[in-house]
Amino acid sequence: MQVMLSRILCHFLTEYDMKKIFGIFITCLVLFSCSKDEDEVTSNPFDDPSLKPPVDTTIPPNLDSASFQFLYYHIFKATCSNSGCHDGNFQPDFRTIYSSYNTLVNHPVLLNDVQNSYTYRVEPNNSEKSLIYARLTINIPNTTGLMPAAVDADSDWNDYKDIYIELIKNWIDAGAPDTYGNLPGPVNLNPQVIGIMAFNSGSTTNPLPREGAGATPIMIPPGSPVDIWLALTDDQTNVNDFKLTNLKASYDLFDFTNAIEFKLNAGNSLSGMDFWGNTVSFTHKATISFPTDTTGTFIFLRTYLRDDIQNDTTEIPNNGTAAIMRANFSLKVDSL
């Protein structure tokens with residue numbers, strides 16, 4: 001048919017003026033289009049799943065709006081860590097969730113008002129004395145004005161500003177709990193666990209996989225020992241100088257009364273990804289074994305840490321930790 005149309009069109013080129021040529025050409029196109037299969041006409045090439053934009057997995061689902069994780073992902077990271085601002089150029093440092101917490105809570109201010117009203121960027125239990133809350137609500141002389149100074153086009157800050165500021169205020173007045181729900185000590189933050197990996201015992205390559213993307217259990221083989229590696233951090237103490245570094249394993253998510261205890265030993269560090277996709281050093285290891293456990297058994301882990309300043313032990317995670325964070329510290333026996 002295409003050959004016939006071409007011959008007809010060539011004939012008309014010698015017999016008619018350009019107006020008629022144009023009209024006949026359009027008619028031919030319509031007739032040719034109508035001859036196509038109906039599926040070809042109605043199908044949308046953009047229905048192909050491979051052409052759809054990737055799903056944004058940078059924000060973990062189901063975050064509690066009262067948690068620091070929510071504040072970090074929806075406010076500090078999304079709005080404040082934009083280029084040239086709090087991306088490491090200026091403190092607070094909002095590049096990571098733990099740098100955000102450590103440069104906010106009980107952190108001395110660098111710029112103050114004339115009356116020196118503020119001691120810390122975040123003073124737990126006192127939003128009115130916390131500089132970050134003031135910077136969001138009032139224009140303090142000798143500063144760069146209300147924060148945020150600039151808002152990216154894709155930020156939802158302007159749509160939810162009042163809600164976000166209220167959430168920050170409520171978090172501060174609730175004591176400024178960290179990512180595990182722990183309240184900070186006076187001018188000393190609790191130690192933090194920022195990453196956990198598992199390997200077949202003796203290996204430091206090919207970490208054992210998690211059951212799915214994000215915060216899901218680590219899959220461990222039945223009957224074989226595994227090495228649990230942890231990445232730790234603290235605001236004032238080198239992680240190798242911690243007074244206490246223990247690990248407990250329990251079959252009950254909330255009851256660690258009869259948990260099995262292991263010593264976390266510092267040794268040669270290795271690099272790996274933390275809970276938020278950053279490359280960090282893993283410095284502490286414990287070898288654990290559950291030789292009689294069968295496929296499908298869940299094992300829950302908690303760490304017990306104490307830096308060289310605090311007297312109390314920090315339990316991570318604990319019964320007050322959000323479920324999404326507790327999932328990072330769970331194991332599932334499975335035939336890999």
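Quick note: the coordinates plus some simple rules give every number you see, no bench work behind them. Bear in mind the structure is a predicted one, so any value in this text is a computation, not a measurement. A quick note on method: Cβ atoms are made from the backbone with ideal geometry, for glycine too, and the neighbour counts reach across all protein chains shown.
Which links in Lys248/Lys285; Lys129/Lys161; Lys129/Lys243; Lys243/Lys285; Lys77/Lys243 stretch past 24 Å when you go from one Cα to the other?
Values: Lys248/Lys285 13 Å; Lys129/Lys161 20 Å; Lys129/Lys243 33 Å; Lys243/Lys285 15 Å; Lys77/Lys243 33 Å.
Where the Cα-Cα span goes over 24 Å, the pairs concerned are Lys129/Lys243; Lys77/Lys243.
Remark on the stretch 68-173: hydrodynamic radius 13.8 angstrom, per the Kirkwood mean of 1/r across alpha carbon pairs.
I need the peptides 254-260, 67-73 ranked by packing, meaning the mean over residues of other C-beta atoms within 10 angstrom, with the highest value on top. Walk me through the numbers on the way to the answer.
Values: 254-260: 12.1, 67-73: 21.3.
Averaged packing, sorted descending, gives the order 67-73, 254-260.
Average projection, convex hull of the Cα set of the stretch 192-333: 8.2 square nanometres.
Taking R0 as 41 Å, what FRET efficiency do you get between Asn125 and Ser271 from their Cβ-Cβ distance, rounded to the nearest 0.05? Present the calculation step by step, with values, prior to reporting the outcome.
On the way: r = 38 Å, r/R0 = 0.92.
After rounding, the FRET efficiency stands at 0.65.
Seen from Tyr180, the other residues with C-beta closer than 13 Å to its C-beta sum to a net charge of -1, counting Lys and Arg as +1 and Asp and Glu as -1.
Normalised by the residues of the stretch 68-173, what does the relative contact order come to in percent, with Cα pairs under 8 Å and at least six apart?
Numbers: 137 pairs, mean separation 24.0, N = 106.
Rounded, it is 23 percent for the stretch 68-173.
For the stretch 192-333, relative contact order (Cα pairs under 8 Å, six or more residues apart, normalised by length) works out to 31 percent.
The gain in end-to-end length when the Ser201 to Val114 segment is fully stretched comes to 25.4 nm, 0.36 nm per residue minus the alpha carbon separation.
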